[in-house]
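The numbers here are math on the coordinates, done by the rules we state, and not lab data. What you see is a predicted model, and the numbers here were worked out from it, not measured in a lab. Cβ: placed from backbone, ideal geometry, glycine included. Neighbour counts: every protein chain shown.
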Amino acid sequence: MEENNEKKSKVIVEVIEFGPLKITGNFLIKDLQRNTEDSSGEVRLCRCGKSGNKPYCDESCKK
Amino acid sequence: MEKNESQFSGGRRYKNKDITVYWKPSACIHASYCYRELLEVFDPSKRPWVDMEGSTTDRIIEVVNLCPTEALAWKWNDETKNDSVGSDQLNHINFRRPELMNTDENDSNNEPVSVKIMPDGPIVLKGSFTISYNGNKKEVRDSMVSICRCGVSDHMPFCDGQHRKAGFIG
């Protein structure tokens, strides 16, 4: 059952502990702050608030 | 325990090992064939009201076929078997609700998941996807999830609205 569901869902959202939000698959990001779009298939989004390259992670979380 | 009930747009669906039964409440005219014939499966006083383990697959199909509306429909879980059902199977979704053949798993896959970066706020995910966090793995179906982007939520990884108090900019 679990396995079946995984195959059906093309988009995987992974909350990395003490790290970014990793999204892979068929998604469309709309950044309403910067007015940009991204459907590249894989991104890492900042979750700590410290990135200098928002909305993306720049590994400031590791410092 | 395995969850045999799930939602689709317009209603709920219930599964056993052979078939899936679709229930669309808005189409029900309370003709009540289902629970008069097979209370072991269709019991309006219970939640969920459909128990797919309450009888045999053959009997469930028989009773779903009695439903005079499209409130109840069914299909084989083995998709290859759905192509060759006879027209005597009145409430097979090929005849009752052909659109369900597409809206199910297939459609939600084609639709890109919407990810919105809210100004000075969270990441809002909308659609169908698999999400893993804190060692959990969950299937999200046609729904919304808000992920904290400011780093101060008390309900990590989810947004709890504290970005405003925290004065988060980004």
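Per-structure values
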{"item": "Theoretical ellipticity at 222 nm over chain B - DSSP helices of four or more residues, -39500 (n - 2.57) apiece, nearest 500", "result": "-4000 deg cm²/dmol"}
{"item": "Gain upon complete extension [B:E5, B:S143; 0.36 nm per residue less C-alpha separation]", "result": "48.1 nm"}
{"item": "The protein assembly as shown: equivalent-ellipsoid semi-axes (sqrt of 5 x gyration tensor eigenvalues, Cα, Å)", "result": "43, 17, 15"}
{"item": "Given B:K15/B:K138; A:K22/A:K62; B:K75/B:K126, the pairs whose alpha carbons are separated by over 22 Å", "result": "B:K75/B:K126"}
{"item": "Tail weight of P(r) past 17 Å, computed on alpha-carbon pairs of region A:2-62, percent", "result": "45 percent"}
{"item": "Cα-based Rg of region B:111-166 normalised by 2.2 N^0.38 Å, two decimals", "result": "1.15"}
{"item": "Label point distance in nm, B:D43-B:H155, each placed 7 Å from Cα along Cα→Cβ", "result": "3.4 nm"}
{"item": "Net +/- balance of residues flanking B:I169 in space, Cβ distance below 15 Å, scoring K and R +1, D and E -1", "result": "+4"}
{"item": "Rg and Dmax of chain B, Cα atoms only, in Å", "result": "20.5, 64"}
